[in-house]
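First the structure, in the form of structure tokens, and then the observations on it.
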Amino acid sequence: MKFYSLNKKASEVSFKDAVIRGLAPDKGLYFPEKITPLKNQFFEQIESLSNNEIAFEVIKQFVADEIPENDLKLIIEDTLCFDFPVVLLEENIATLELFHGPTMAFKDVGARFMARCLGYFNKLENTTEVTVLVATSGDTGGAVASGFLGVKGVNVVILYPSGKVSEVQEKQLTTLGENITALEVEGTFDDCQAMVKKAFLDNELKERLNLTSANSINVARWLPQMFYFFFAFKQLKNKNLDLVFSIPSGNFGNICAGMMAQQLGLPIHHFVASTNVNDVVPRYLKSGVYSPKPSFQTISNAMDVGDPSNFVRILEIYNHDIETLKEHLTSYSFTDKETLEAMKHLKNIANYIADPHGAVGYLGLKKYLASRTAQGVFLETAHPVKFLDVVAPVIDETISLPPQIQQIMDKEKVAIKISEYSDLKSYLLG
Ligand SMILES: *Cc1c(COP(=O)(O)O)cnc(C)c1O
């Protein structure tokens, strides 16, 4: 399988090179040259397959030739070592909980899969070390740190804005040690991101280090997110109703993986992209004009994205035709006030504690289903405990810390303070 750059000014590469590079040399995102639907038999038997078996069938064609079957099976087994339950909340409304992994956000699956692929390629070649450089506003850093911990030949450097991530998130970034280093940046998330971008363009660094990124532009982080949609389908009892997924979206990597699942033949009738007030996609579907804006800060902060990087992949899937896209995708945006009300509502009607991101997903699903009958599933992308300061006042109940969080809260934070690009550069060269 080859991957081409969506900017069409770089040559095609293998899965391995796409993973190691992250972004193509022409700054385009990589996209698979071909998508072959899975056989009917696979869908007929899906209820009798394990999650590992499903994942293997789903990802195989994208990785084939580069990681032998048995090694790929081991990578999958190691990646998917937790549950993905579907919880029914109302008639025809269910949530798919994606927060049962080590850092309690859905990014665990992509980060773990990518880490293991990189580790495999590294062992194979016995080449020099790879440095994964990533800027985080909260969840990405924790998932990447945990996913890459102890992977040989890979060093991870995470930049986060000082004082702007939650306490739980900071502990997840700064307490692991080993091959994980946290750089605490005096500045905002945008400053962190700007430094990372500058590093990727720095020729001196390029000569001395193998730098790669670990956000959802990387195909090894993006593609495994297809699994979720198959796991939900497997668990749904009523497969006769049209299936509608609502995905709380920021960079649009997760929803774009759902669209890939649809291309593989999974019977998904419609997607709802639910956003907070960072509404570039809902505006695009209404007006046909794509106009990115600087992001606003909200209570669902993992979706505070003003220019979603995966949107070009969505356009590619639907042949850059907005009418075709609209047949498959509806998008709504919601305010923080509406989000808080939805959290309260879910607690009242179903005794369910949603996090702010899941609540946005719920709102989008309800709005879409107001005039239709279908089986709706919204994705719950983070455990509510990760956003305790927002969740606790709404639900009026204490939430106990799950063991994987309790464990790190007692550990000591270790981070290196930096304030400008030259600090980052001398650390990396140092
Ligand atoms: C990253 C994240 C999202 C947004 O996912 P995208 O793939 O960027 O659209 C939603 N919720 C949570 C909790 C996240 O961490």
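Between residue 337 and residue 167, the modelled label-to-label distance comes to 3.0 nm, taking each label 7 Å out from Cα in the direction of the beta carbon. Extending 7 Å from the Cα toward the beta-carbon at both residue 57 and residue 374 defines two label points whose distance is 2.4 nm. Can you give the FRET efficiency for residue 87 and residue 289, using 1/(1 + (r/R0)^6), R0 = 45 Å, r = Cβ-Cβ distance, to the nearest 0.05? Approximately 0.75, to the nearest 0.05.
Which of the three applies to segment 207-249, rounded, prolate or oblate, going by the alpha-carbon gyration tensor with a ≥ b ≥ c and a/c under 1.5 meaning rounded?
Working: a/c = 6.19, a/b = 3.41, b/c = 1.82.
Here segment 207-249 falls in the prolate category.
The lysines whose alpha-carbon is closer than 24 Å to the alpha-carbon of residue 239, local same-chain residues fewer than 8 away aside, are 39, 326, 366, 367.
Which value, in debye to the nearest 20, describes the size of the charge dipole of segment 274-430 about its Cα centre when Lys and Arg Cβ atoms bear +1, Asp and Glu Cβ atoms bear -1, and nothing else is charged? Provide the component values of the computation, followed by the final result.
Numbers: 16 positive and 19 negative charges, 40 e Å.
Here segment 274-430 has a charge dipole of around 200 debye.
Taking the Cβ of residue 73 as the centre, find all other residues whose Cβ is under 15 Å away and add up their charges (Lys, Arg: +1; Asp, Glu: -1). All intermediate terms of the calculation are to be shown ahead of the outcome.
Working: positive: 60, 112, 116; negative: 53, 57, 66, 69, 71, 77, 78.
Around residue 73, the charge tally is -4.
Only Cα pairs within less than 10 Å get springs; with that Gaussian network setup on the chain, which residue of 331, 48, 162 has the largest fluctuation? Of 331, 48, 162, the Gaussian network model singles out 48 as fluctuating most. Label sites at residue 350 and residue 71, each approximated as a point 7 angstrom past Cα along Cα to Cβ, lie 4.2 nm apart.
Could the peptides 278-284, 234-240 be put in order, highest first, of the mean number of other beta-carbon atoms found within 10 Å of their residues? Write out the running numbers ahead of the final one.
Numbers: 278-284: 19.7, 234-240: 12.4.
By packing density, highest mean first, the sequence is 278-284, 234-240.
Placing unit charges on the Cβ atoms only, positive for Lys and Arg and negative for Asp and Glu, gives segment 202-293 a dipole magnitude near 300 debye about its Cα centre. Rounded to the nearest 500, the helix-only mean residue ellipticity at 222 nm of the chain stands at -13000 deg cm²/dmol, with each DSSP H run of n ≥ 4 adding -39,500 (n - 2.57).
Once you keep just the Cα pairs under 8 angstrom separated by 6 or more residues, what percentage relative contact order results for the chain? Numbers along the way, then the final one.
Details: 809 pairs, mean separation 77.8, N = 430.
This gives 18 percent for the chain.
Taking a ≥ b ≥ c as the square roots of the eigenvalues of the Cα gyration tensor of segment 287-416, is the shape rounded (a/c under 1.5), prolate (a/b larger than b/c) or oblate? The shape class here is oblate. Rounded to the nearest whole Hz, the Karplus-based 3J(HN,Hα) values (6.51 cos²θ - 1.76 cosθ + 1.60, θ = phi - 60°) of segment 199-216 follow the sequence 4, 5, 9, 7, 4, 4, 5, 4, 6, 8, 10, 8, 8, 9, 10, 10, 9, 6, with x at glycine and proline. When restricted to Cα atoms, segment 109-230 yields an Rg and a Dmax of 14.1, 44 Å, respectively.
Rank these for me by crowding, 260, 226, going from fewest to most other beta carbons within 10 Å. Please list the in-between numbers first.
Values: 260 23, 226 26.
Exposure proxy ranking, most exposed first: 260, 226.
Straight-distance candidates among the aspartates and glutamates for linking to residue 386, with alpha-carbon spacing under 13 Å and chain neighbours fewer than 8 residues away dropped: 139, 167, 170, 355.
Each residue of segment 405-421 is assigned a 3J(HN,Hα), and the resulting list reads 8, 3, 4, 7, 5, 8, 8, 8, 6, 10, 8, 9, 7, 9, 10, 8, 4 Hz, derived from the Karplus form 6.51 cos²θ - 1.76 cosθ + 1.60 (θ = phi - 60°), x at Gly and Pro.
Here residue 207 and residue 36 are evaluated by their C-beta separation; at R0 = 35 Å the FRET efficiency comes out at 0.35. Computed from the Cβ-Cβ distance with R0 of 25 Å, the FRET efficiency linking residue 322 to residue 242 stands at 0.65. Net charge dipole, segment 100-207: roughly 420 debye, given to the nearest 20, about the Cα centre with Cβ charges of +1 for Lys and Arg and -1 for Asp and Glu.
Compute the length gained on full extension between residue 406 and residue 423: take 0.36 nm times their separation in residues and subtract their Cα-Cα distance, giving the result in nm to one decimal. Mind dumping the intermediate values first?
On the way: separation 17, 0.36 × 17 = 6.12 nm, distance 3.27 nm.
Taking 0.36 nm per residue and subtracting the Cα distance, the gain is 2.9 nm.
So, in segment 156-219, how many Lys pairs have Cα atoms under 24 Å apart, if the pair is 8 or more places apart or on different chains?
On the way: 164/197; 164/198; 197/206; 198/206.
Total qualifying Lys-Lys pairs in segment 156-219 comes to 4.
Using the empirical formula 2.2 N^0.38 Å as the baseline, the Cα radius of gyration of the chain reaches a ratio of 0.93.
Taking the DSSP beta bridges in the chain as the whole, what percent of them are antiparallel, to the nearest 5? Expressed as a percentage, antiparallel bridges in the chain total about 20.
Seen from residue 100, the other residues with C-beta closer than 11 Å to its C-beta sum to a net charge of -4, counting Lys and Arg as +1 and Asp and Glu as -1.
Taken together, the values in this text are just the output of simple stated rules run on the coordinates, not laboratory data. This one's a predicted model, so the numbers in the text were calculated from it and none came from an experiment. Note that we place each Cβ from the backbone using ideal geometry, even for glycine, and neighbour counts take in every protein chain shown.
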